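What follows is a single structure, written as structure tokens, with notes after it.
Bear in mind that the values in this text are calculations on the coordinates, not laboratory data. Being a predicted model, the structure only gives us computed values, none of them experimental. No Cβ is skipped: glycine too gets one built from the backbone with ideal geometry, and neighbour counts run over all protein chains shown.
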Amino acid sequence: MKQLLTILFTILLSTNFFAQTKTNKLNITHLTENFYIYTTYHSYKDEIASANGLYVVTNNGVILIDSPWDTTQFQPLLDSIQAKHHQKAVLCIATHSHEDRTAGLEFYRQQNIKTFTSLQTDSISKATNQKRAQFHFTKDTAFTIGQLSFQTFYPGAGHTADNIVIWFPKQKILYGGCFIKSTEATDLGYKKEANLQAWPTSLKNVQQKFLQPKFIIPGHDDFTNLNAINHTLKLLQQNNIKLSAVNFAPIKTFALTDTNVTAGQNYTTRQIKFTVSHYTLLPESFPVLDSIVTFLKQNKNVVVEVGVHSDSCINPNCCDRPTQNRAQSIVDYLIEKGIASNRLISKGYGKLRLIITDDQINKAKTEEEKEAMHARNRRVVLKILSNS
Ligand SMILES: [Zn+2]
């Protein structure tokens, strides 16, 4: 009996593996010495996005750089710090006004943690109804807490007008926040408040001021690659080339919450995952698939094409068959959830419509950058064929 239970438990564990790694709400990774990266998750544009923050343990308490994005994780972060290090957080600095940095400021202030932003961040936070810190600095400021020294630096506008970075001189750690994109990033992310003209110069200011960093921590995704600043410069360059190019008719997109869609509109997701080289859906795909079901139930007359696109790595001899099978798996899932089959057309495009060509990918310097570009090509596109 005991053996049977063990086997059952093992099976349960293995089937839950993907779901569990994705639903962990707070991840803490040791960086070096007393430095830790904590990551929380938030849904952004129908996808689950991660946000990195940092904490440092000193003999006078723990320093938080930025607050969790996930508002349910303010207290769990403090709890796990207490459990792990038997220390309390004493100070929290947010590096710009967006909620992935500032969401917990008020909460932490109530816990008697000294909260800081720049005055510039505070005036933006005030105007945009974000949480605000208790204390503000008006210029670049050096802090010493216990044995730890660090400084804030305003490099100029970039991701936002107020973004700052934080430099730990002894350990040569550069905390970039959203001002620096991870080498995993395939675009600049949220750009509405960005200053695309000033951003490259601001990045170069940081490169000139803080030489040979041993760690560069971007606001989102992978934080192990020292090429992050150069990668951000490259994304800016690509973006600015695109801006200056002649603007052909843009592809019209729709969101899964829309109720007034028209033929020709597209919705792209990279959240639908399959087992490698097969067409079985992985459980992490179910949330977005269920959002698609809701969308189709709310838009009863819509007929959609479910198009699956691969990267260029697939064998040229097998054409579009694997992506056709994957498209059919998605359609089968939607039918099973009650969507009429005559509203769904499956189409495997294979590598016919790459967003990033092999020529562009071959110019990338590192394997990580190449893989990020391939990942950009792997996508599912819903296209509205009719709505009447
Ligand atoms: Zn931001």
List the GluC sites (Glu not before Pro) in the stretch 15-109 that DSSP assigns to loop (not H, G, I, E or B) and whose Cβ has at most 15 other Cβ atoms within 10 Å. Which are they?
Glu33
Can you grab the distance from the C-alpha centre of the stretch 151-166 to the C-alpha centre of the stretch 46-100, Å, no decimals?
19
What are the residues whose amide H is under 5 Å from the amide H of Asp140, where those residues sit 5 or more places off or on another chain and H is modelled from the backbone?
Tyr154
Extension reserve of the Glu193-Gln134 stretch, reckoned as 0.36 nm per residue once the Cα distance is removed
18.8 nm
Greater than 19 Å separation of Cα atoms is the criterion. Which listed pairs, Lys191/Lys234; Lys45/Lys191; Lys139/Lys192, meet it?
Lys139/Lys192
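Please identify every one of the trypsin sites (Lys or Arg not before Pro) in the stretch 148-201 that sits in a loop by DSSP and has no more than 16 other beta carbons within 10 Å of its own beta carbon. Let's see the in-between values first.
Numbers: sites: Lys170, Lys172, Lys181, Lys191, Lys192; in loops: Lys170, Lys172, Lys181, Lys191, Lys192.
When the trypsin sites (Lys or Arg not before Pro) of the stretch 148-201 are filtered for loop state and at most 16 Cβ neighbours within 10 Å, Lys170, Lys172, Lys191, Lys192 remain.
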At a Förster distance of 22 Å, what's the computed FRET efficiency of Ile345 paired with Ala255, Cβ-Cβ distance as r, to 0.05?
0.60
Nearest 10 degrees, 0 to 90: helix 199-209 Cα axis against the chain principal axis
40
Could you count how many Lys pairs in the stretch 266-387 have their Cα atoms under 20 Å apart, skipping same-chain pairs fewer than 8 positions apart?
15
222 nm [θ] for the chain, helices only, -39500 (n - 2.57) per DSSP H run of 4+, per residue, to 500?
-10000 deg cm²/dmol
The long-range amide H neighbours of Thr58, using H built 1.01 Å from N in the peptide plane and a cut-off of under 5 Å, are Ile63
